[in-house]
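Down below is the structure, laid out as structure tokens.
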Amino acid sequence: MYRIILASGAEHLRASLEEKGYVVYTSGLNYDGRRFFYNGDLYTQIQEIEDLQNEKVCIIQSGSYSGELEREKFTTQDRIFEVLQILQLLTNPEAVRVVGHKQYEYTKLDEPEEILLLLTCMPSGKQDHAVRNGECNSALTAIELFLNYCSRIAIIDAHPCDVEWFNLLKDSGKITDLSMVPYLLEEIALRFPDSQLLAPDEGAQARLGLAGFGKKRSSSQDSEILGDVPVEGKNLVIIDDLILTGGTLLKTREHILKKGALRFACVATHALPLITGEDNLRRLVDILGRDLLVTNTVPSKTFVEDHLELTIDCVPLIDEFLNIQD
């Protein structure tokens, strides 16, 4: 059975993983009881490093900004660097013993038998390919850095699911594309029976094989709904990979209800807090109520603590995947 290291963005999954029988490790704190030094440097320590010698190890991280659940705030870039720190210490493990004032003795340890990285949410998914001259591809940069230390990465419902570099890495076996959609579909059948599934944009339509609407984006937050689907007298469920501001979702809802739909529900894998907090998520809960369903791939106070009734746990998917690897 894999030993689990939960990076900061996945620590909310600890209880569910331990219920499945996994041994779980998290980072220690620095001398100030924090994960960041006062100059902003990130501190990472796996104190039980000796326990991981010759074991299969899975690192789990969410590549998202911190929501209100976390006391210290991690940017996406912090999450990426934290993964690199954990990968580095696993591939160069040492035991440290204090032998005097600022004097230390180092003992080389055996590496884990295998190091697997599992990303519950793809980091930098909004920069997964260039659409203007000189744009960077931060998602690919992060993945390439990770692959310097581990041979395989599993990603839950990756946002760049149909770009060339992602498909090439999948075809080579370096990326395994996992999905919460089958789990969400099961829950949709229970919560929203007799409903028609729709996708909110062209990307989701291609991924899921569903009818839906087009989307013309004017900024990172604003977009225009295009196209039309017969919805009069129907119960409808929009299913997507992520919710960011929720603006497009609410515009789609307004568009559908004006066309005569009886019910509109939204189901999404990733519900992302914003830099400004979780007002975007609370607004969705206020408007949609029980017509909203998301997973806990991303830590947020709104769904991990306040509205568990609207949340599906991603740990069964993780457990299923790791059991297949064993």
Checked against (1) open to solvent by 10 Å² or more (accessible area, probe 1.4 Å); (2) modelled with pLDDT of 95 or more, L322 satisfies every condition except (1)
Which one of these is surrounded by 14 or more Cβ atoms within 10 Å (Cβ to Cβ), in contact with a helix residue (DSSP H, G or I) (Cβ under 7 Å, 6 or more places away or on another chain) and more than 24 Å from S64 (Cβ to Cβ): L281, L250, L236? L236
Within region 39-48, of all residues that are crowded, with 18+ Cβ neighbours inside 10 Å and closer than 19 Å to I115 by Cα, the one nearest to the chain's Cα centre (by Cα) is T44
Sort out which residues of region 284-316 are open to solvent by 10 Å² or more (accessible area, probe 1.4 Å), assigned to a helix (DSSP H, G or I) and touching a helix residue (DSSP H, G or I) at 6+ places or on another chain (Cβ under 6 Å), and write them in order of number. V304
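May I ask you to verify whether H255 is over 14 Å from S195 (Cβ atoms) and surrounded by fewer than 23 Cβ atoms within 10 Å (Cβ to Cβ)?
Details: over 14 Å from S195 (Cβ atoms): yes; surrounded by fewer than 23 Cβ atoms within 10 Å (Cβ to Cβ): yes.
Criteria met by H255.
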Among the candidates T252, T245, residue that is at pLDDT 80 or above, over 19 Å from the mean Cα position of the chain (by Cα) and hydroxyl-bearing (S, T, Y): T252
For L87, state whether it is outside any strand (DSSP E or B), among the aliphatic types (A, V, I, L, M), open to solvent by less than 10 Å² (accessible area, probe 1.4 Å) and closer than 20 Å to I4 by Cβ. yes
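Here is a list: E11, E18, E68, E55. Which entry is in contact with a strand residue (DSSP E or B) (Cβ under 9 Å, 6 or more places away or on another chain), under 24 Å from L109 (Cβ atoms) and open to solvent by 50 Å² or more (accessible area, probe 1.4 Å)?
Values: E11 fails: under 24 Å from L109 (Cβ atoms); E18 fails: under 24 Å from L109 (Cβ atoms); E68 fails: under 24 Å from L109 (Cβ atoms).
After applying the criteria, what remains is E55.
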How many residues does region 24-38 hold that are assigned to a loop (DSSP other than H, G, I, E, B) and surrounded by fewer than 17 Cβ atoms within 10 Å (Cβ to Cβ)? 9
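Restricting attention to region 103-115, which residues are touching a residue at least 12 places away in the same chain (Cβ under 8 Å) and either charged (D, E, K, R) or not in a loop (DSSP other than H, G, I, E, B) (or both)?
Our first condition is that a residue be touching a residue at least 12 places away in the same chain (Cβ under 8 Å); within region 103-115, this holds for 106-115.
Those that are touching a residue at least 12 places away in the same chain (Cβ under 8 Å) and either charged (D, E, K, R) or not in a loop (DSSP other than H, G, I, E, B) (or both): Y106, T107, K108, D110, E111, E113, E114, I115.
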Hey, any hits in region 263-279 for a residue that's modelled with pLDDT of 90 or more and assigned to a helix (DSSP H, G or I)? yes
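Confirm whether I4 is buried (at least 17 other Cβ atoms within 10 Å of the Cβ) and farther than 22 Å from V298 by Cα. Walk me through it before giving the result.
Values: buried (at least 17 other Cβ atoms within 10 Å of the Cβ): yes; farther than 22 Å from V298 by Cα: no.
Against the criterion (buried (at least 17 other Cβ atoms within 10 Å of the Cβ) and farther than 22 Å from V298 by Cα), I4 does not qualify.
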What's the total number of residues in region 116-172 that are part of a helix (DSSP H, G or I), open to solvent by less than 40 Å² (accessible area, probe 1.4 Å) and of a type in the set (S, T, Y)? 1
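The values are calculated or read from the model by the stated rules, or taken from the named source; none is laboratory data. Note that this is a predicted model, so its numbers are computed, not measured. Cβ: placed from backbone, ideal geometry, glycine included. Neighbour counts: every protein chain shown. For accessibility, only protein heavy atoms count, side chains too; no ligands or nucleic acids. Shrake-Rupley method; radii C 1.70, N 1.55, O 1.52, S 1.80 Å.
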